[in-house]
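Visitor: Shown below is the structure under consideration.
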């Protein structure tokens, strides 16, 4: 009852529904009308596609940094002994998903618009209204909002697992709070930070809904380009090629994570 | 953690209860209908089932291309679809539709002659018109002082960051082509290049390229000008009396969404009954009132409330519609890649 | 003072997370189809009970979530147990495969499965949706069960076997109680992800099988009908109420046992 064969059903499932479909994408990206071609990849070299990729990386990077800066203190507060109630925290973070994410992102649109709730509040206290929507700022906000939980959870998890005696030892040896944080807590929490960074960066890099709902359609990211190939242009070959380029980025991050051992050292999601 | 177990068990019980109440028995006599989102009065399907005993399995899509992408691989069988003009042309070419014998439809005679023998289906052998409309400019009379009668207003620096364009390559390029005086169905690469430059030039003035969310924002006074369908304009003007609608003098797009029977349909008889039902004046009127778009059936139009029936937004004068600069889209299959790269380039210029 | 700052930080983040939800609930009572406040009404709730297509979408959403989260939990739990027993290199491969769907963009999972189903000519419909949901949610179950297995003292299981327990009995009595919290958290997450998913479902749906997410997206041309807000409000409130009731019951039990 406790053998590795227990994993076989899953591995077969994964082979059929994860590995084979990815191989199909590889196939479609290299074949056009039945013959081998690299045309689909060449097409991506147009400067506006490259621009879109660079912009996607920029925006995903900025939102990851913001998520990290906001999530780390939160995770520290939550992992404090007095506040520890893992289940409730997990629930609070996961519960918003019970309200459809399309609807929620849509709702931010009406909260943030020029005549929206937030600007009306600013006006009421005699402040100048701010244009939040329709641009990079709004897209970054949407990314941070949607993917924030994936940064909090892993960091929170590693912080909970740090042995308090290590921190005490550091104080006993005369280190102040900042030094203890820098020399003890931060290095020990690195696996969680790495997991968090990856879990935020990847979906942010590839979103197509957030740009559409909050970016006012002015920003076309790599996800939008893929989506367009499959739903509007019907150009499966090019869509697959762009997907492959993204998958290569995924695999590089995966290799990076395995190397850092963030998966095994408690940097998991839960 | 136990509470979670209980929570989940309870949730499952509750949902199973709801399921059993809703009753999802598959009856043999059923048709599958694939329509635009929110493009029918929900009561109509129930009425149809009540009258004929035929169950309606109903699904929705967001745009023609999405519908096509779902239907084309052939492993989903829909009976009834509601493509627009150019998509019907494409589907006829691809042999995806069944011929419709209009003599078998008692209510087909109700359809105005203006909507028969349209260019995408010149013999009326595949499609029955469902709704139609025009594309124009919705503007806020409190924010726009100029007379709005031309696409030029969308390039006026005065309205910087007060313009909503439609987030679709075809509709936006249409606007630019029309402003330049070209046909919106042009295949001339030079003309398309000009249109692209024009749209790149316009990009800094545009507040956003919107989908539906633009409607609520226009009503709210978020922007002054918006490219919109007449049916949506009706809904917006109803909510905010400061809004008005104009079809630019350079011409525009007018579209017809029609009912067709998919080649894969197995229940053709029921499909005929469904189409006939939708063409009945009282049912067509119910739909037109719910959706806000214009019905091609005059008898149905007569049943509508005065303010809709007489509206020149929903039912523009014949001379406007029949003018040669009002065009319908044709099948874009041959230029879809060019359009897509033009659109990416416009977006990348931001 | 510091504790006040800490608390306010948590509160501010919670407000940001829940603000749009409050707004959506508010608009389910709004007397207008557009998101502009025009007075209170219950008509969207009444409409919800008359709108068969929304009820159907709700039904499919729940059916898919129940079946896929159940299957993902079973497959995932056993997979985690199996992977845990593997030698290091096998474990590495298995975990990397598990991480692929977690890291790959939704859109790639969606289209790659769509291509697979098209190639093998499996008709799109409920089965394709369920299969695709199981595929993207199983890794979350595995990751949620894994840490519990690592914490568990494996000797206990051996001891049970030595004392004559059958492997199944030992699993039921020793392993399962230990990993239970991880299993339930995994199931809950799988269920939630399934309800919330749009992208993967969008590419793998079939005739007449729309989930709420697809329904919301397809309404984009005509405007999201507040009936959707109404049904979402009910779903959200139901889960909150259930969790609260459970919480109160457990607290009562706790305080009772403490006073005794």
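No value in this document is a laboratory result; all are computed from the given coordinates. All figures in this text were calculated on a predicted structure; none of them were measured in a lab. Here Cβ is always computed from backbone atoms with ideal geometry, including for glycine, and neighbour counts include all displayed protein chains.
Visitor: Across peptide C:230-238, what mean number of C-beta atoms from other chains lies inside 10 Å of a residue's C-beta?
Guide: Details: counts 0, 1, 5, 1, 0, 5, 6, 1, 6.
Across the residues of C:230-238, the mean count of other-chain Cβ atoms within 10 Å is 3.
Visitor: Counting only Cα atoms, I'd like the Rg/Rh figure for the range C:116-186, Kirkwood definition for Rh.
Guide: 1.22
Visitor: Could I ask something else about it? Kindly express, to the nearest 10 degrees and within the range 0 to 90, the angle between helix C:88-103's C-alpha long axis and the longest C-alpha principal axis of chain C.
Guide: With rounding to tens, the tilt is 0 degrees.
Visitor: Restricting things to Cα coordinates, could you compute the convex hull volume per residue of chain B in Å³? Please report the intermediate quantities before stating the final value.
Guide: Working: hull volume 63.6 nm³, N = 350.
Taking only Cα atoms, chain B has a hull volume of 182 Å³ per residue.
Visitor: Label points 7 Å out from Cα along the Cβ direction at residue A:123 and residue C:15: separation in nm?
Guide: Reported label-point gap for residue A:123 and residue C:15 is 2.1 nm.
Visitor: Limiting things to C-alpha atoms, what are the Rg and the maximum Cα-Cα separation (Dmax) for chain A, in angstroms?
Guide: Computed over the Cα atoms of chain A, radius of gyration and Dmax are 22.2, 71 Å.
Visitor: Taking 41 Å as R0, compute the FRET efficiency from the Cβ-Cβ separation of residue B:194 and residue B:113 and round it to 0.05.
Guide: Working: r = 37 Å, r/R0 = 0.91.
Efficiency, from the Cβ-Cβ distance: 0.65.
Visitor: I've got another one for you. Mind checking the angle between helix C:52-84 and chain C's longest principal axis? C-alpha axes, 0 to 90 degrees, to the nearest 10.
Guide: 20 degrees
Visitor: Continuing with the same structure: For chain C, what is the mean residue ellipticity at 222 nm derived from helices alone (per DSSP H run of n ≥ 4: -39500 (n - 2.57); sum divided by total residues; nearest 500 deg cm²/dmol)?
Guide: -26500 deg cm²/dmol
Visitor: Once you order the gyration tensor axes a ≥ b ≥ c over the Cα atoms, which shape class does the range C:91-243 get: rounded for a/c under 1.5, otherwise prolate or oblate by comparing a/b with b/c? Kindly include the intermediate steps, with their values, before the conclusion.
Guide: Details: a/c = 2.81, a/b = 1.76, b/c = 1.60.
Prolate is the answer for the range C:91-243, as a/c is 1.5 or above and a/b outweighs b/c.
Visitor: A further question follows. Quick one: angle between helix B:336-348 and the longest Cα principal axis of chain B, in degrees between 0 and 90, rounded to 10, please.
Guide: Once rounded, the angle reads 60 degrees.
Visitor: Under a point spin-label approximation (7 Å from Cα along Cα-to-Cβ), what is the residue C:119-residue A:168 distance to one decimal in nm?
Guide: 5.8 nm
Visitor: Stretch residue C:238-residue C:70 to full length: gain in nm at 0.36 nm per residue minus the Cα-Cα span?
Guide: Numbers: separation 168, 0.36 × 168 = 60.48 nm, distance 2.02 nm.
Once the chain is fully extended between residue C:238 and residue C:70, it gains 58.5 nm.
Visitor: Let me ask another. How far apart, in nanometres, would the label points at residue B:156 and residue B:263 be if each is projected 7 angstrom from Cα along the Cα-to-Cβ direction?
Guide: Each label point lies 7 Å from its Cα, and together they span 4.9 nm.
Visitor: Shifting gears a bit: I need to check one value: relative contact order of chain B, counting alpha carbon pairs closer than 8 Å and at least 6 residues apart, in percent. Intermediate values should be presented prior to the final figure.
Guide: On the way: 546 pairs, mean separation 92.4, N = 350.
Relative contact order here is 26 percent.
Visitor: Follow-up. Provide Rg over Rh for the protein assembly as shown; use the alpha carbon set for both Rg and the Kirkwood Rh (inverse mean inverse pair distance).
Guide: Numbers: Rg = 28.4 Å, Rh = 29.0 Å.
Dividing the radius of gyration by the Kirkwood radius yields 0.98.
Visitor: Sum -39500 (n - 2.57) across every DSSP H segment of at least 4 residues in chain B, then divide by the residue count to get the 222 nm mean residue ellipticity, nearest 500.
Guide: Details: 14 runs with 141 residues, N = 350.
Calculated at 222 nm, the ellipticity per residue is -12000 deg cm²/dmol.
Visitor: To continue, here is another question. What 222 nm value per residue comes from the helices of chain A, counting each DSSP H run with n ≥ 4 as -39,500 (n - 2.57) and dividing by all residues, nearest 500 deg cm²/dmol?
Guide: Working: 14 runs with 186 residues, N = 270.
Calculated at 222 nm, the ellipticity per residue is -22000 deg cm²/dmol.
Visitor: Another question about this same structure. Write down the Å³ per residue value for the convex hull defined by the alpha carbon atoms of the range A:49-189. Walk me through the intermediate numbers first.
Guide: Values: hull volume 24.3 nm³, N = 141.
Normalising the Cα hull of the range A:49-189 by residue number yields 172 Å³.
Visitor: Cut-off is 10 Å between beta-carbons; in what order do B:239, B:201 appear when sorted fewest neighbours first? Could you put the intermediate results ahead of the total?
Guide: Working: B:239 17, B:201 13.
Ranking B:239, B:201 by Cβ neighbours within 10 Å, fewest first, gives B:201, B:239.
Visitor: Over the range A:39-260, what is the mean sequence separation of C-alpha contacts under 8 Å (at least six apart), divided by residue count, expressed as relative contact order in percent? Numbers along the way, then the final one.
Guide: Details: 227 pairs, mean separation 64.0, N = 222.
Dividing the mean separation by the residue count of the range A:39-260 yields 29 percent.
Visitor: Okay, next question. Could you give the C-alpha radius of gyration of the range A:107-209 expressed as a fraction of 2.2 N^0.38 Å, taking N as the number of residues it contains? Intermediate results must be reported in sequence, preceding the final value.
Guide: Numbers: Rg = 20.0 Å, N = 103, 2.2 N^0.38 = 12.8 Å.
Working it through for the range A:107-209, the quotient is 1.56.
Visitor: Please find the FRET efficiency linking residue B:203 to residue A:39, where r is the Cβ-Cβ separation and R0 is fixed at 25 Å, and quote it to the nearest 0.05. Could the numbers behind the result be given before it?
Guide: Working: r = 29 Å, r/R0 = 1.17.
Working from the Cβ atoms, E equals 0.30.
Visitor: Right, another one. Taking each residue in C:91-101, count the Cβ atoms of any other chain within 10 Å of its Cβ, then average. What number comes out? Before the final figure, lay out the partial values.
Guide: On the way: counts 3, 3, 1, 5, 6, 6, 7, 5, 8, 8, 4.
What the average comes to for C:91-101 is 5.
Visitor: Two-decimal Rg/Rh of the range C:1-74 from alpha-carbon positions, Kirkwood Rh?
Guide: Working: Rg = 18.9 Å, Rh = 16.0 Å.
When Rh is taken as the Kirkwood radius, the ratio is 1.19.
Visitor: Now for a separate question. Rounded, prolate or oblate: which one fits the range A:30-84, using the alpha carbon gyration tensor with axes a ≥ b ≥ c (rounded when a/c is under 1.5, else prolate when a/b beats b/c, else oblate)?
Guide: Numbers: a/c = 9.87, a/b = 2.96, b/c = 3.34.
Note, shape of the range A:30-84 comes out oblate.
Visitor: Shifting gears a bit: Please compute the average number of Cβ atoms from other chains found within 10 Å of each residue's Cβ in peptide B:216-228. Please list the in-between numbers first.
Guide: On the way: counts 11, 11, 1, 4, 8, 4, 7, 3, 0, 0, 0, 0, 0.
Neighbouring Cβ atoms belonging to other protein chains average 4 per residue here.
Visitor: Give, in whole angstrom and from largest to smallest, the semi-axes √(5λ) of the equivalent ellipsoid of the range B:82-193, with λ running over the eigenvalues of the Cα gyration tensor. Write down the numbers at each step before the final one.
Guide: Details: eigenvalues 256, 70, 26 Å².
Equivalent-ellipsoid dimensions as semi-axes: 36, 19, 11 Å.
Visitor: Under the classification rounded if a/c is under 1.5, otherwise prolate if a/b is larger than b/c and oblate if not, where does chain C fall, given a ≥ b ≥ c as square roots of the Cα gyration tensor eigenvalues?
Guide: Working: a/c = 2.11, a/b = 1.32, b/c = 1.59.
In terms of gyration-tensor shape, oblate.
Visitor: Let me ask something else about it. Neighbour counts of other C-beta atoms within 10 Å: give me B:41, B:149, C:210 arranged from fewest to most. If you can, show how the numbers build up before the last one.
Guide: Values: B:41 17, B:149 13, C:210 28.
Ascending number of Cβ neighbours within 10 Å: B:149, B:41, C:210.
Visitor: Tell me, what is the percent relative contact order of the range C:1-89, built from C-alpha pairs under 8 Å that lie six or more residues apart? Please list the in-between numbers first.
Guide: Numbers: 28 pairs, mean separation 9.8, N = 89.
Reported as a whole number, the value is 11 percent.
Visitor: Right, here's the next one. Highest first, please rank the peptides C:18-29, B:105-116 by the mean number of other Cβ atoms sitting within 10 Å of their residues. Mind dumping the intermediate values first?
Guide: Values: C:18-29: 18.9, B:105-116: 15.8.
In descending order of packing, they fall as C:18-29, B:105-116.
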